[in-house]
Structures are given as structure tokens and as C-alpha cells.
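What follows is calculated from the coordinates using simple rules that are stated; it is not laboratory data. Since we're looking at a predicted model, the values are computed, not measured. Neighbour counts run over all protein chains shown; Cβ positions are idealised from the backbone, glycine included.
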Amino acid sequence: MSATTILLYGRTGSGKSTQIGVLAEHVFKTTGKKTRLYTADKGGADSITPYVTLGVIEPVEIGESSPWIFLNKACKGFTRDDKGKWVLDQAKNDTIGFYAFESISGIGELIKLDMEQKAATGTNIGGGGNISFLVSGDGESLKIGGSNMAMYGVAQSRLKEEIWSSQKLNAEYVMWTTGVSKDDDGVSAGKIIGPYAIGKALTGELPKWFSYTFRQDVLPAQGGKPQRHILYL
């Protein structure tokens, strides 16, 4: 099965988690299958709590995991067993019709922070030639390699590889959320608004990786009108 892939971006509080719940409900009603939500975001998921309670959404939270290991295992459909070990349960995955990932910006920031901490303890990430280092967590090890020594470049290339990997999951839908980027454009006037992924190099690239890209926003209550959430199609 070739999944329909969706990128949903917007600022915090714009309703991205709510949209995951809406699509999860649709998938459950039309296919009887559940949604698995891999999340590295802290808080902001109250809107989907009823779906979790009803068993429509199965959350897998990053917790204390290494962001590198979490990203790698999540994008391949792994879950944790009772002892916290990552396992690939194909029978369980056959009950999933929708994989959701929160979020590109959240995981990217955690990866960058981890590299900064490693650099502070003597691991050379930045400067020199090719890069190769080992990350460990949850009883797992993963070798990270690349030719771009800049921290942003390493994080961006890792996100790109894993996002593409996630799109091979056997499901009706694969969705990623991320924040919104507003960076000065050196060519045209004003600001560029687009999906954020740890720096601005991928802002123009991300939409090309997905079947559909939508922007979510929220308008504050004003002039007696209630707060409104808008999905730009």
C-alpha cells in the first residue's frame, strides 16, 4: 500500500493535534483501524485525549529516549514492549491505518540540543572532514554519519532520511506536523512563511516530500468574535 502523505504546519496552538484527531476518527470509522501517534512534543495534546481514551489513537511518547533512536525506530513502525525495549510487531502494525508524527521541528530541536551537549563533552561535531559518531539509548545503538559537519546540516539530513523512511509504512495515511518558519528572504521583500525544520534550508524542500501540505493557523478572539482556527487548503 502506498500511503497518502501529509505535512501540516503552523504555530503552537493553531490546532495541529486537533487535526490529527479528526483524521484518526475518519480512519477508524471508514477502516476500523487505529492511529499511532509518535510524539516528541511536550504538552499540547489535550485535544486528542478522548481519542486515546477510546483506543482510537495509540500514543508513543519520546519520554527519556535519545531523539536519534526515537526518530529512527518511530519511522520504521517500532513500539516499546513492557520492558521499554523497541520491538517491531507486524501483527500490531497491521491494525494501524494512520501514522502521525509530532513533530519535525520538535525532534529537530532535540537532535540539535543533543549534538550541542556532545560537543561540550568533546565529541567533534562541526569542523574537519566527514562526521561519524555513535548514539545510544533504550538499549539500542545507532551510528550517525554524514559529510556536512555543521550541526544544522547533520540534523536536516537525518530528518530527511527518516521522514522518507516513514512514508514506506503500510498505512492509508502518514502525517507529519511541524512549526511555522518566518525568515527574511534575501531575494524578495518581506517574510517567507513555510514549514520549519531546524533552520530554514528545508523550508522550501519539505512540501516536495509529501502528497499534500497544509498550513494551520489560529485567529485570536477579537471584537466579540470567538477564536477561530483556519486550515489553508
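Results, tabulated for the structure shown:
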{"read-out": "Long-range amide H partners of ASP138 with built H, under 5 Å", "value": "SER66"}
{"read-out": "Net length gained if the chain between ASP94 and THR4 were fully extended (0.36 nm per residue, minus Cα distance)", "value": "30.7 nm"}
{"read-out": "Estimated inter-spin distance, SER141 and LYS29, nm [label 7 Å along Cα→Cβ]", "value": "5.0"}
{"read-out": "HN-Hα J in Hz across the range 87-92 - Karplus 6.51, -1.76, 1.60, θ = phi - 60°, x for Gly and Pro", "value": "9, 9, 9, 5, 4, 5"}
{"read-out": "Among the listed pairs LYS34/LYS76; LYS118/LYS168; LYS112/LYS200; LYS168/LYS208; LYS92/LYS143; LYS33/LYS168, those beyond 20 Å (Cα-Cα)", "value": "LYS118/LYS168; LYS92/LYS143"}
{"read-out": "Nearest-0.05 FRET efficiency for LYS85 and TRP164, computed from C-beta distance (R0 30 Å)", "value": "0.70"}
{"read-out": "Reachable lysines from LYS225, criterion Cα separation under 23 angstrom, eight or more residues apart if same chain", "value": "LYS16"}
{"read-out": "Selection of trypsin sites (Lys or Arg not before Pro), the range 18-74, meeting DSSP coil and at most 14 other Cβ within 10 Å", "value": "LYS42"}
{"read-out": "Cleavage-rule hits (GluC sites (Glu not before Pro)) in the range 11-65: DSSP loop, at most 13 neighbouring Cβ within 10 angstrom", "value": "GLU64"}
